[in-house]
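S.K.: Okay, handing you the structure first.
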Amino acid sequence: MPARAPRAADATLHHKSAPQRALEKLGLLRDIDLALHLPLRYEDETRIVPIAELRDASVAQVEGVVRDCQVRVRARRQLIVRIHDGSGDLVLRFLHFYASTQKALAVGQRVRVRGEARGGMFGLEMVHPSVKRIDVDTPLPSLLTPVYPSSAQLPQAYLRKAVGSALLRADLHELLPESILPPGLMGLRQALNFLHHPDPQTSPAILQDRNHPAWQRLKFEELLAQQLSQLQAKRERALQRAPAFRQISGAKDASLQARLLGALPFTLTAAQQRVLGEISQDLERDVPMHRLLQGDVGSGKTVVAALAAAKAIQSGWQCALMAPTEILAEQHLRKLVAWLSPLGVEVAWLTGSRKGRARNSMLARVASGEAALVVGTHAVIQEQVEFARLGLAIIDEQHRFGVQQRLALRAKLEAQELEPHTLMMSATPIPRTLAMTLFADLDLSTIDALPPGRLPVQTRLFAHTRRDEVIARIRDQVLLGRQVYWVCPLVEESESLDLQNATATHLQLSNALPGHSVGLLHGRMAASEKAAVMARFAGAQAPGRIAVLVATTVIEVGVDVPNASLMVVEHAERFGLSQLHQLRGRIGRGSVASTCVLLFGEALSDAGKARLKAMLDTQDGFEIARRDLEIRGPGEFLGARQSGASLLRFADITLDEAVLHQARRAADRLLDQHPQVAQLHVARWLGSREHFLKA
């Protein structure tokens with residue numbers, strides 16, 4: 001049988017050059033993608049500087065004729081080239097070169113050279129400058145030369161040519177009606193032409209300042225596309241159907257939610273009551289809820305989630321609660337079982353460590369509907385898990401889950417042509433500008449007050465040289481019957497990071513505190529080992545209770561031990577600000593004053609100093625979140641949505657709030673008055689990446 005002729009698609013793929021593949025890897029697939037691929041910086045190749053006028057440490061372009069070209073071996077092989085322009089000589093030094101480099105710089109060849117002039121043994125020289133072979137009459141460029149974000153497989157010359165061609169081909173006609181555009185904005189094509197090829201007379205400060213009218217136009221267009229995408233997602237969701245949780249008609253008994261409220265050993269705060277009302281109102285509608293419940297550490301989100309679950313269960317539907325770690329999931333399980341089991345609610349437990357008969361039994365009870373509430377980790381969304389009537393999906397620490405994981409949980413009701421209500425929870429408060437951008441499609445509920453009686457946690461900074469003083473303070477606390485966390489960033493030694501590891505710290509504290517139990521907890525332990533350690537730390541006064549728990553950040557969220565009154569965070573400067581705030585929230589949950597000690601190393605970066613200062617200045621999670629956004633940008637908050645973070649290439653949500661408000665207002669009007677234009681605008685800017693913003 002003759003061999004199959006290659007298909008056109010196969011042949012095309014096979015014959016793509018390395019630069020073409022590199023373009024695709026950078027996401028530069030369409031003409032518009034290349035047109036929006038803006039320069040990192042610019043090189044001025046419009047002027048020639050006489051060699052005699054070069055100054056040390058100056059970057060300049062010269063033109064001359066090669067007088068000498070030799071390979072010399074000193075400590076290493078080097079290509080040494082000397083050029084002359086009539087005013088003087090300049091040495092070009094190449095430490096890495098090919099035979100073709102030497103050939104291109106043959107004696108007598110005229111070249112243009114651009115680089116940094118440095119003082120050498122024999123006068124000024126340039127090391128590894130850019131070199132172009134030219135003729136006597138080769139004209140100078142009339143515009144600045146763009147330098148684009150690229151990769152090793154994508155030469156600047158190839159990329160410049162690709163961008164230049166794309167700019168000519170790309171459809172850059174004005175899509176947006178004048179009534180939608182803020183007054184005074186530059187035209188889109190004019191803005192892009194300016195940013196790709198600015199006039200040489202344009203000052204460097206203007207090019208770097210993103211307040212130039214060209215930048216303002218691109219920021220508006222980009223934020224408008226992002227806002228339209230979110231608004232469309234929200235409107236599309238309003239067309240879907242979800243189960244409506246209403247009191248079963250004719251029921252004489254008090255609702256499960258009311259009975260749970262009556263059984264709680266505490267009263268909800270006004271903030272908890274408010275957000276519960278917002279959630280309950282959503283759950284009574286037949287449109288899928290897509291709500292983010294945010295609140296500072298210790299604000300009482302879990303009980304609100306339990307009351308939402310009770311509303312679903314009393315209406316005959318199941319609820320699933322998914323948490324990112326087994327420790328956090330088990331923490332929820334203990335609370336929910338204590339609250340709901342006495343009211344007759346069966347709770348199932350699904351995690352990756354649950355195997356064999358126990359797992360199969362749980363799966364059967366979930367599939368039959370006997371288990372009204374399912375608590376677990378990623379195991380909840382595995383293919384084998386089938387729900388009888390999943391009506392509410394609760395996702396804790398939602399930023400720790402990926403887009404596909406969240407969508408998989410919501411898809412568990414697809415067979416019934418309904419979508420479950422979704423409640424996402426986060427103990428990392430989201431700054432307002434971020435909520436208006438990457439979370440604009442969500443309804444937002446905020447618990448903005450802590451339960452009464454919570455004592456503020458004192459925060460103290462100690463240099464690592466005062467480690468012995470900190471251990472002495474720990475000794476005082478355990479003698480009083482209190483418990484202590486010691487948080488380490490690594491489990492084992494790393495050659496690249498000079499950090500104390502959890503194992504070594506555990507040994508040190510065990511030796512320093514004879515007669516007191518010191519536990520060790522880290523992410524590489526088996527789930528059963530973690531559970532046993534946490535049970536001993538969280539247990540009541542009893543033999544074997546752990547007094548000091550040395551742990552990695554697996555205890556960042558969810559762990560609730562009221563007797564723990566001291567936390568030490570080692571190498572605190574290496575942690576993110578929101579992570580430090582989460583850790584600090586593990587203490588101060590009892591009736592005694594608590595202290596968080598931040599141990600820091602010698603070499604503090606500016607960002608490290610800013611984080612530690614913020615921890616000293618405030619305990620307000622929203623202020624912490626605002627400062628963290630300023631220090632590190634939106635990535636930490638986006639988490640699972642951070643795939644969409646790169647969509648904001650031009651706008652800075654910490655600086656461009658005014659433009660964001662303009663785009664937000666324009667998105668509503670454009671979608672109402674010109675829906676087809678809105679769709680074209682989103683396609684132009686986001687292409688196939690729009691789905692990242694919808695999960």
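S.K.: Out of everything in segment 558-574 that is part of a loop (DSSP other than H, G, I, E, B) and open to solvent by 10 Å² or more (accessible area, probe 1.4 Å), what residue ends up being nearest to residue 429 (Cα to Cα)?
M.R.: 558
S.K.: For segment 340-353, which residues satisfy the criterion of being open to solvent by 10 Å² or more (accessible area, probe 1.4 Å) and in a helix (DSSP H, G or I)?
M.R.: Within segment 340-353, 341, 342, 343 qualify.
S.K.: Let me spell it out: the conditions are (1) in contact with a helix residue (DSSP H, G or I) (Cβ under 8 Å, 6 or more places away or on another chain); (2) of a type in the set (A, V, I, L, M, F, W, C); (3) open to solvent by 70 Å² or more (accessible area, probe 1.4 Å), and residue 163 meets all of them except one. Which number is the exception?
M.R.: (3)
S.K.: Just checking, how many residues over segment 188-204 are outside any loop (DSSP other than H, G, I, E, B) and over 31 Å from the mean Cα position of the chain (by Cα)?
M.R.: 5
S.K.: For residue 337, only one of the following conditions fails: (1) open to solvent by 20 Å² or more (accessible area, probe 1.4 Å); (2) modelled with pLDDT under 90; (3) assigned to a helix (DSSP H, G or I). What is its number?
M.R.: It fails just one condition, (2).
S.K.: For residues in segment 188-206 being hydrophobic (A, V, I, L, M, F, W, C) and in contact (Cβ under 8 Å) with a residue 12 or more places away in the chain, which is farthest from residue 287 (Cα to Cα)?
M.R.: 194
S.K.: Could you go through segment 207-225 and let me know if any residue there is surrounded by fewer than 18 Cβ atoms within 10 Å (Cβ to Cβ), touching a residue at least 24 places away in the same chain (Cβ under 8 Å) and over 22 Å from residue 659 (Cα atoms).
M.R.: Checked segment 207-225: no residue is surrounded by fewer than 18 Cβ atoms within 10 Å (Cβ to Cβ), touching a residue at least 24 places away in the same chain (Cβ under 8 Å) and over 22 Å from residue 659 (Cα atoms).
S.K.: Please tell me if residue 154 is more than 19 Å from residue 38 (Cβ to Cβ) and touching a residue at least 60 places away in the same chain (Cβ under 8 Å).
M.R.: no
S.K.: Take the residues in segment 62-118 that are touching a residue at least 40 places away in the same chain (Cβ under 8 Å), open to solvent by less than 80 Å² (accessible area, probe 1.4 Å) and assigned to a loop (DSSP other than H, G, I, E, B); name whichever of them is nearest to residue 137 (Cα to Cα).
M.R.: 109
S.K.: Can you name every residue in segment 287-309 that is out of contact with any Asp or Glu (no Cβ under 6 Å at 6 or more places or on another chain), on the phi < 0 side of the Ramachandran plot and part of a loop (DSSP other than H, G, I, E, B)?
M.R.: Scanning segment 287-309 gives 287, 296, 297, 299.
S.K.: Let me ask another. Do you know which of the residues in segment 310-329 that are in contact with a strand residue (DSSP E or B) (Cβ under 7 Å, 6 or more places away or on another chain) and in a helix (DSSP H, G or I) is farthest from residue 392 (Cα to Cα)?
M.R.: Here the answer is 328.
S.K.: From the list 233, 244, which residue is aliphatic (A, V, I, L, M), touching a helix residue (DSSP H, G or I) at 6+ places or on another chain (Cβ under 9 Å), on the phi < 0 side of the Ramachandran plot and open to solvent by less than 10 Å² (accessible area, probe 1.4 Å)?
M.R.: 233
S.K.: Here's a follow-up. Restricting to segment 431-443, give me the number of residues that are in contact with a helix residue (DSSP H, G or I) (Cβ under 6 Å, 6 or more places away or on another chain) and more than 15 Å from residue 657 (Cα to Cα).
M.R.: Within segment 431-443, residues that are in contact with a helix residue (DSSP H, G or I) (Cβ under 6 Å, 6 or more places away or on another chain) and more than 15 Å from residue 657 (Cα to Cα) number 1.
S.K.: Scanning segment 591-607 for residues that are of a type in the set (Gly, Ala, Ser) and open to solvent by 20 Å² or more (accessible area, probe 1.4 Å), which turns out farthest from the chain's Cα centre (by Cα)?
M.R.: Checking each candidate, the answer is 591.
S.K.: Can you find a residue in segment 486-498 that is at pLDDT 90 or above, crowded, with 16+ Cβ neighbours inside 10 Å and assigned to a strand (DSSP E or B)?
M.R.: There is at least one residue in segment 486-498 that is at pLDDT 90 or above, crowded, with 16+ Cβ neighbours inside 10 Å and assigned to a strand (DSSP E or B).
S.K.: From the list 185, 140, 207, pick out the single residue that is in a loop (DSSP other than H, G, I, E, B) and under 32 Å from the mean Cα position of the chain (by Cα).
M.R.: Criteria check complete, one pass: 185.
S.K.: Can you work out which of the residues in segment 504-519 that are assigned to a helix (DSSP H, G or I) and without any contact (Cβ under 8 Å) to a residue 60 or more places away in the chain is surrounded by the fewest Cβ atoms within 10 Å (Cβ to Cβ)?
M.R.: Applying the filter and picking the extreme gives 511.
S.K.: Something else about it: Cβ-Cβ distance below 8 Å, separation of 6 or more or different chains: which pairs start in segment 261-286 with a residue that is outside any helix (DSSP H, G or I) and end on one that is exposed (fewer than 12 other Cβ atoms within 10 Å of the Cβ)?
M.R.: Cβ pairs passing all conditions: 269/452.
S.K.: So which helices (runs of 4 or more DSSP H) stay within segment 608-682 end to end and still have 3 or more residues that are at pLDDT below 90 and open to solvent by less than 70 Å² (accessible area, probe 1.4 Å)?
M.R.: Because the criterion is at least 3 residues that are at pLDDT below 90 and open to solvent by less than 70 Å² (accessible area, probe 1.4 Å), the helices (runs of 4 or more DSSP H) in segment 608-682 that meet it are 621-632, 635-638.
The values are calculated or read from the model by the stated rules, or taken from the named source; none is laboratory data. Bear in mind the structure is a predicted one, so any value in this text is a computation, not a measurement. Virtual Cβ from ideal backbone geometry, glycine too; neighbours counted across all protein chains shown. For accessibility, only protein heavy atoms count, side chains too; no ligands or nucleic acids. Shrake-Rupley method; radii C 1.70, N 1.55, O 1.52, S 1.80 Å.
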